[in-house]
Structures are given as C-alpha cells and as structure tokens.
Amino acid sequence: MRIGIVLPEVPGYSETFFNSKIKGLQESGHYIIVFSNKKARNKFSYEVKSSYPVFEKKSFKQSGLFAVVLIKTFIKNPAITVNLIRLESKTGKSFSESLKSVYINSHILSGKLDRIHFGFTTMILKRENVAKAIGAKMSISFRGYDINVFPLKNKDCYKNLWRKVDKVHTISDYLYRKALSLGLPKEVEFQKITPAIDISSFKVKDEIGKINKKIKILTVGRLNWIKDYETSISAMKILNERGIDFTYNIIGEGAELERLTFAVYQSGLQDKVNFLGKKEHKEINEYMRESDIYLQPSMQEGFCVSVLEAQATGLQCIVSDAEGLKENVIDGVTGWVVKRRSPEKFAEKITEVINLPDHKRKETAMNARKRVETEFTIEGQKKKFNKFFTE
Amino acid sequence: MKIAVYSGNIPSTTFIENLIEGLCNSGFEILLFGKQTQNVSYSGNVKAYPTPVNNLKLVFFVIKESVKLFFKDSKLFFKFHKTVREKNKSLKSFFKNAGVLLPVLNNKPDIFHIQWAKTVEMYPELFELFDCKVALSLRGAHINYSPLLDKNLAEAYRKNFPSIDGFHAVSNAIAAEAMKYGADEKKIKVIHSSVKDELFEKYAELFRGDTKLEIISVGRFHWKKGYHYALDAMKILADKGISFNYTIVAQGVIPEEILFLLDEYRLGEKVRIIQGLKHEELIMKLQSSHLLLLPSVEEGIANVVLEAMAVGVPVITTDCGGMSEVVEDNNNGYTVSVRDPETIAAKVIQFIGTEFNAKKDLALKGKQTIEKEFTREKQIREFTDFYESILKNN
C-alpha cells in the first residue's frame, strides 16, 4: 500500500512518535511518502516531498511559480486536477480559490496514494478535498492543540472536514470525546493509540523511592500558558512558606519566560526555581534521574510524553487532572492526580509524597515503570499503527 | 523653565499627554522630542521637535540641524560630532543617533525628562555634551519585571542611574524596586498620578442595578492584568450559585488562554468582552457596575481604579505595585493578594452581604481619597517642586 503522511515538517530524530510509526509501516511492506511544508535537508529512509512555497507578499515570482506549477500539475495528472477543482467549487469556493488549492496541494496529487494521513488535524485545513480527488482513503491524528485550542479561535473550523474523514487516530479517550462534542460523527471509525517511549533509552534512577534531603522537583515542557507553570510556582511559594527545602527545575523554552520569571521573583523564589532552557533528550533523562518529584500542572493535555518519561525513570509523578493526564497517570497507583489550577492541592500532595515511607514511594514508581513497559512500548505502538492503516 | 519630554513617540500615551497639558498650563515651556506617529498640534508653550522616520528625510534633517548647531555653538558642534562618531561605527546608526540628539542640543532644555526607563541608554551623551539635568520616570513593567529577564537592561540601569539627577516614581513600591538598580533614594520623588477634575462632578450614588451583580474590569489583554485569575474567581462564584455578570473592557485579540478558560469554565453567558470604549462611555459603563475588579499581578498605580473611585464605584484590587497606596482594605475599597482567586471570590461575597449604607460609605471614602491625594493640581504642584529641586541641587 502507498501511504502518504502530511506533516508540517519532516520529523526530527527525537520525534519517536512519528519515526517509529513510519518505520513500523515500512517494515510491514508499505511504501511511505512524507509530505512536508518545509524543504528537508537530510536523507531519509522514506520519500519526502515538499509543498511549493507560499510567499507572504504578492510578487512576480509567486505568480510565475503559480502558473508553472498549475500547468505542470495539469499535464501530469489532468483527471485528478480537474477532480480537485470540481470538488472545491462544489464546496462553494471560487474558481481562483480552487486553483490555489491545486497549487498548495500539487506535491500530494501525484503520489498515487491509497491512503493519506494527516499527522495533525490542523494540517488538513485547505486540504479537505485532496483525498477524494486522488481516490485515496483519508485519516487524521488528533493532537492536544488541534482539539483543545485551535477550535476556540476558529469556530466550526472542522465542520467541512468531519464528513470526509474515513478514520481517526486519537492519543487519548478524552480527545476523542472532545472531538465528538465538536461535531465528529459517531459513525466515523476511530482508534486510540497513545504515545509511546523507547524504554531502553530511559535509564531508571538509582535507589528508587529514596528522596534527597533537599527535594528536587522537575517539570519538562514548553513555556506556554497551557502548561500553567504559574500554578506550580505558586505551589512552590506555599512549600517555601511551610519551611520545606527544595529546588524546582523547569526545562523548556517559550513565550512565557518573562511572565514566569516575574512570578518567581514576586513569590520570592529566585534561589529555588531555575529555568534551564531547552535540553537534549539525554540530558533530560539525566535531570530526571537526579530528581525526586515530577510535576505536570497543565490546564489541559492531549496525553503528555514527558510524564511517561518521568514514570519510566522512576520519579514520583504529580499531575493535574487535565483530561489527558488522568489517562496517563493512575491516581494512587502510578502517581498522583490533583485538581488543576490549584497551588494549594499541589503543595499538599507534594508534602504528602515527601512524608511517605521509602517503600511506598518505591511501590508507586515501580508500578509506573511497569505500566510504561507494558502499555506504552514502541513495539506495541507500531503494531497498533499497522492495524490502523490496514484494517 | 524649559522641560524636554522624551517618550519615544509624539503623541505619547494618554497619561503623559495629560501631564504635558498640566505642566504647560502652569507656565512651563515644554519641548517634545521623539518620532512623530500622528499629526498633532500643540498650543501655547508646547513645541514638538519630531525626528523623521524616513531615511532620506532623516539625512536632510541631520544636515539641517547640524548647520544650525554649527552657527549657534561651533564648539558644541565639534564636541557633538566627535562623541557621536566615536560611539557609532556604521553610518546608519550615526544618523539615527544624531537625529535624536541634535534637536535637543539646538534647543537646550533645562531639564531633559525621560519618560520610559528602557530608553535611558539612548542619551548618555547628553550628560557629557552640555549642562542639562536629566530626570527619569519610573513606571510599571520597565522597572518591575523587564530587567529581571533582560540582564543587559539591568546592567544599563546600574550604569546610568547614578548619573540621573532626579527620579519620578509613580508609587512608593516602584521607588523601592528602582533602588535595587542603584537609584539614589534621596533623588527619588514619589508623585502619584491623577484624575481629571471633571470626573469628581460625575460622582454618583451607588449603582443599584436590579438583581444581578455587575462586575467590571478594564485594561488591555496582557498576562500582567491577571484576567486568568479573575476567571478562576468567577468560576468559584458561579459554582456557589451566585448570579452575576462579568464584563471585561479590553483591546485587541482575545488571548488563547482566556478563550480556553471561558470554554473550560462554561462561563459563556456570564462573561462579556467589550472591545475598547471611549473615555466617556467607559465612565458610564463603570457607573452602571456594582464593582470594579483589578486582578493584576503587576501595576504602577492603575488609573482605572483611581477613576472608578472618583466617580463612586467600589473597587476590589490586588495589592500589586502601588495599589495599596491607594486602597485600604475594607475602608475605601477592598484589597486582595496577587494570584489569589479564592480571596477575590470571598471579597465579592462579602460585598454582596454588606448593607447598602456601608457600601455607600465605602464608595464615598474612595472618592475622598482621590480628591485628597490624586488630583491634577497636586500632581502638577509636585512636579514643579521636583523640577525646581533638581535645578537647585547642583
């Protein structure tokens, strides 16, 4: 089977999720083409095709390229091109808009695909009719941002899409439920495939269950509002007032650094909270191995790979009750789930975990590691993806 | 006395424009420098000396102003030329720098008043080139959080603050912050902002409304305004079955975070967002609310709180920045800690349970506070003293 996967860019080495998925499909004999919006520099084990550029400003260069691409696409695939223009006009687009659609999708049209998969739901916008035009089945993946945030700013953005999708991949039950509430018909087939991690590359920490005298707390993730670091920083303020000795490290970069730096300053925690910036995969594992408690205070999450990694490393994981996280951590078994946006609850839970006997903490960490080893393996994920594409 | 006001742009923000008007009315000669972003005409003692933005115009402008300076004071011209050439390696930066400095040198103000601390680095030559006193205003983010992350800025403050002749702080809180960057306490004068006199005439008896509690917040969408905490508080109120409307008067795109929380908390009908209002409409809107809420995590002193109090609207404000220099909890309004939605909700509930006469008393005390401490007349008098003391001290 020829499978096309549409992504914003070719996955980097650290993006296990996409890489292992592609590898697994190749191993079962499928031919894979990755369609990317950016030009790829390296060589890959699969074919890569990039879209033609869309310039910010109207220019002579753009018009010329536009004309050439349209003619080229038409000569190569006359039937498909006409199909796409017809389908676009049917959905109410003007002729020139339909031509634009041919331009932005021309790299996909010649792929002779049996199946086309969109790695992010937002990737499909302006490409709703491509699958039908080329006679391929269409499937999509739901990611947190696609379902949790994007539709808030763009009401009914997926309305035209839902009826055209043949199959849906969701990373959590929650995202699927949320998509239903956004109008996804119940009849559309879906499969849940959670993220997975390569457990062999996550070394467990030494002496699981023991904690440092000065407690080391860690969170990994972009500095974005949805991660709600203000809540964890406020929780640290409470711990500090209660005389608990700790350091809190935050790994990640992003737009909210100034806001969070101020929150730390205002809470009088400059000596206790550190923003470490972006770190490589290996370094993250090292930081995790040295830490005692992993926090994930997010307002919402699709699933959250970092929490899986922390569980694999043997950390005590305390996460918010964001829907995706509730599926990631089993409260009281593999970690703890507390009310989101509640610094008081986070502080209480951290105190509680610090006061547990070593063997209790060890038990939780072992449960977590075991669950990751059995339920979130790359092998399992590959199998599920094969099933997703073939059945 | 010639006072140069530098705020980067001509015209400047509302409160700086108000200040210009006030100073001009009490006999100061005001010179404005900066980029002209809109056409404005000033009357009487205010003169604008805008620097062109367009490159070609800038070159002509620099040549014209250079000739002027040469004939006026050739010694100063050579001194200026040498300093600016040494500082700027590229021709482009030379012209930019010269375009900003020349009109100031040609018009020799007695005091050069920099409105925004971040621009303090643009003018160190002034201190050397001619005998001009430099005043600096300490406002909001420029002092409270920008230098926390921007180490170069913090360094620039430490380097330049000692050569400033006088600091104007908008609150005691910000004065204390600025001292951490080397501002000399003896050179700082706290001058609170003010409201226009005509607002006091608009003072009205407490809004009775019908049944629903009307809460309002005013201010652009920015994390420092703390709207996410306000929505947390509204969620607590909604869960307790309290019937209310919450209106946010703001400008610009509604941030993802706010849209997300509105959806998450299902506050849809209870919360309304109004995109900007003219000042008069705003005052009317304030007066048809029971409560003004300021959920900010950072402020100098928020003008909207002063205005609400002046026209008789009870306020709940966080104690951020200089806010507790205005509002005393349970006396002329209510204060809460920053980042504390539980307490905001508790204060709203306390307000609901307060007897009408006690509320009226609180609103009246609010107005009296503003009449006593935050009038235009007092502000201008204090600025006069401020400038005079700067000139006298050397």
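Tabulated values for the structure
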| quantity | calculated |
| --- | --- |
| Amide proton proximity set for B:Val249, modelled H, under 5 Å, gap of 5+ | B:Ser217, B:Val218, B:Gly219, B:Ile274 |
| Residues B:Lys212 and A:Glu352, FRET efficiency given R0 of 45 Å [Cβ-Cβ distance, rounded to 0.05] | 0.65 |
| Computed E for B:Ala176/B:Glu377 - FRET, C-beta separation, R0 30 angstrom, nearest 0.05 | 0.65 |
| At R0 = 56 Å, FRET efficiency that the Cβ-Cβ distance of A:Arg222 and B:Thr354 yields, to 0.05 | 0.80 |
| Nearest-20 debye value, chain A charge dipole, Cβ charges on Lys, Arg, Asp, Glu | 1640 debye |
| Spin-label pair B:Asp385/A:Glu375, simplified geometry with 7 Å Cα→Cβ offset, distance in nm | 6.9 nm |
| Label-reachable residues, the range B:1-32, where backbone N falls under 19 Å from a point 7 Å from B:Asn54's Cα toward its Cβ | B:10-11 |
| nm² value of the averaged projected area, convex hull over the Cα atoms of the range B:311-372 | 4.0 nm² |
| Calculated from backbone phi, Karplus (6.51, -1.76, 1.60) coupling profile of the range B:74-88 in Hz, x at Gly/Pro | 5, 4, 4, 4, 5, 4, 4, 4, 4, 4, 6, 5, 5, 6, 10 |
| Extension reserve of the A:Lys214-A:Asp321 stretch, reckoned as 0.36 nm per residue once the Cα distance is removed | 35.8 nm |
| Phi to ³J(HN,Hα) by Karplus 6.51 cos²θ - 1.76 cosθ + 1.60 over the range B:303-309, Hz, x for Gly, Pro | 4, 5, 5, 4, 5, 4, 5 |
| Nearest-ten-degree value, helix A:257-266 long axis tilted from longest Cα axis of chain A | 20 degrees |
| Under-5 Å amide H pairs with B:Val271, H placed in peptide plane, nonlocal only | B:Tyr246 |
| At most 12 other Cβ within 10 Å, DSSP loop - GluC sites (Glu not before Pro), the range A:1-99 | A:Glu56 |
| Computed label-point distance, nm, for sites B:Asn25 and B:Asp73 using a 7 Å Cα→Cβ extension | 3.3 nm |
| With at most 11 other Cβ atoms within 10 Å, longest stretch of chain B clear of loop GluC sites (Glu not before Pro) (DSSP) | B:1-204 |
| For the range A:199-375, convex hull volume per residue from C-alpha positions, Å³ | 98 Å³ |
| Inter-part distance where the range B:175-245 and the range A:196-245 are each reduced to a Cα centre, Å | 34 Å |
| For the range A:274-391: Kirkwood Rh in Å [reciprocal of mean 1/r, alpha carbons] | 15.1 Å |
| D_trans [Stokes-Einstein, Kirkwood Rh over alpha-carbon pairs] for the range B:1-56, 37 °C, 0.692 mPa s, µm² s⁻¹ | 287 µm²/s |
| Approximate spin-label separation B:Asp150-A:Met1, in nm, with each point projected 7 Å along Cα-to-Cβ | 5.4 nm |
| The protein assembly as shown, Cα convex hull volume normalised per residue, Å³ | 203 Å³ |
| Zero-based 5 Å bins, Cα pair distances in the range B:198-373, whole percents | 1, 9, 19, 23, 23, 16, 7, 2, 0 |
| Per principal axis, descending, Cα span of the range A:1-89 in whole Å | 41, 30, 22 |
| P(r) tail fraction, chain B - alpha-carbon pairs more than 38 Å apart, % | 28 percent |
| Computed Rg/Rh of chain A, alpha carbon atoms with Kirkwood Rh | 1.03 |
| Prolate/oblate/rounded call for the range A:232-293, Cα gyration tensor, a/c under 1.5 rounded | oblate |
| Alpha-carbon Rg/Rh ratio, for the range A:339-381, with Rh computed the Kirkwood way | 1.16 |
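Computed from the coordinates by the stated procedures, all read-outs in this text should not be read as laboratory data. Everything quoted here is computed from the prediction, not taken from an experiment. Please note: Cβ atoms are built from the backbone with ideal geometry, for glycine as well, and neighbour counts cover all protein chains shown.
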